[in-house]
Amino acid sequence: MFDFFEGKFTEITPSYVIVNCNGVGYRIEISLNSYTVLKDKKEGKVLVHHIVREDAQLLFGFDSEKERQLFKQLISVNGVGANTARMILSSLSCDELIEAVVNENVTSIKAVKGIGLKTAQRIIIDLKDNLSKFEIVKSETLFSNKNREEALLALQTLGFNKPVIEKTLDKILKNEASLSVEELIRQALKVL
């Protein structure tokens, strides 16, 4: 029914954004990945997926068409609802999710809060063919640096937001790709 909402952002939180469209405020549920893109903006366009249930009408928002398509794919899987799909998209970037499904990496999907082994396997079985058509944007630093992965896990354990950590680590590694895990964590803590 709705494709997008464009207007001023009257409120932005890690879980939702309120978009003022000509005097009407629409509450749109978003993932953490969308939040990191929208959080510094005062106004903009949010792509949406409208879900009508017996007891509610919900709007789920996305900063990119790719994320919206992944959301639609996820909710098509038996046992994966809209909030679970949003949790998956908050925990994994679009490219990480695609790569995990295409490479049948059950562990990555199972690491998402609320996703068990059977649900992770079902997501892979149901979506592997469809997601293999998506383009994956890889950066060499992102996928080849083991120190980055270890620093990421350590910082997540300390309670920092995964998308924010990833961006911070990528900025640090662009300037100095050969940092040890400890040095990488120290520099990231200064920024975070």
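The values are calculated or read from the model by the stated rules, or taken from the named source; none is laboratory data. Computed from a predicted model, the values in this text were never measured in an experiment. Please note: Cβ atoms are built from the backbone with ideal geometry, for glycine as well, and neighbour counts cover all protein chains shown.
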>> Looking only at region 81-93, how many residues end up being of a type in the set (A, V, I, L, M, F, W, C) and surrounded by 21 or more Cβ atoms within 10 Å (Cβ to Cβ)?
In response: 4
> Could you say whether any residue in region 138-147 is under 29 Å from Asp3 (Cα atoms) and either among the charged types (D, E, K, R) or without any contact (Cβ under 8 Å) to a residue 60 or more places away in the chain (or both)?
Replying inline: yes
>> Between Val137, Val112, Val46, which is modelled with pLDDT of 95 or more and under 18 Å from the mean Cα position of the chain (by Cα)?
In response: Val46
> Does Ala85 fit the bill of being of a type in the set (Gly, Ala, Ser), at pLDDT 95 or above and not in a strand (DSSP E or B)?
Replying inline: yes
> Which ones in region 155-182 are surrounded by 15 or more Cβ atoms within 10 Å (Cβ to Cβ), within 19 Å of the chain's Cα centre (by Cα) and over 25 Å from Leu38 (Cβ atoms)?
Replying inline: none
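Yes/no per residue for (1) buried (at least 21 other Cβ atoms within 10 Å of the Cβ); (2) modelled with pLDDT of 95 or more:
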residue: Tyr35; (1), (2): yes, no
residue: Asp40; (1), (2): no, no
residue: Glu54; (1), (2): no, no
residue: Leu58; (1), (2): no, yes
residue: Gln73; (1), (2): no, yes
residue: Gly79; (1), (2): no, no
residue: Asn105; (1), (2): no, no
residue: Ser108; (1), (2): no, no
residue: Asn130; (1), (2): no, no
>> Out of Gln57, Gln73, I need the residue that is among the polar types (S, T, N, Q), out of contact with any Phe, Trp or Tyr (no Cβ under 6 Å at 6 or more places or on another chain) and farther than 24 Å from Val101 by Cα. Which one?
In response: Gln57
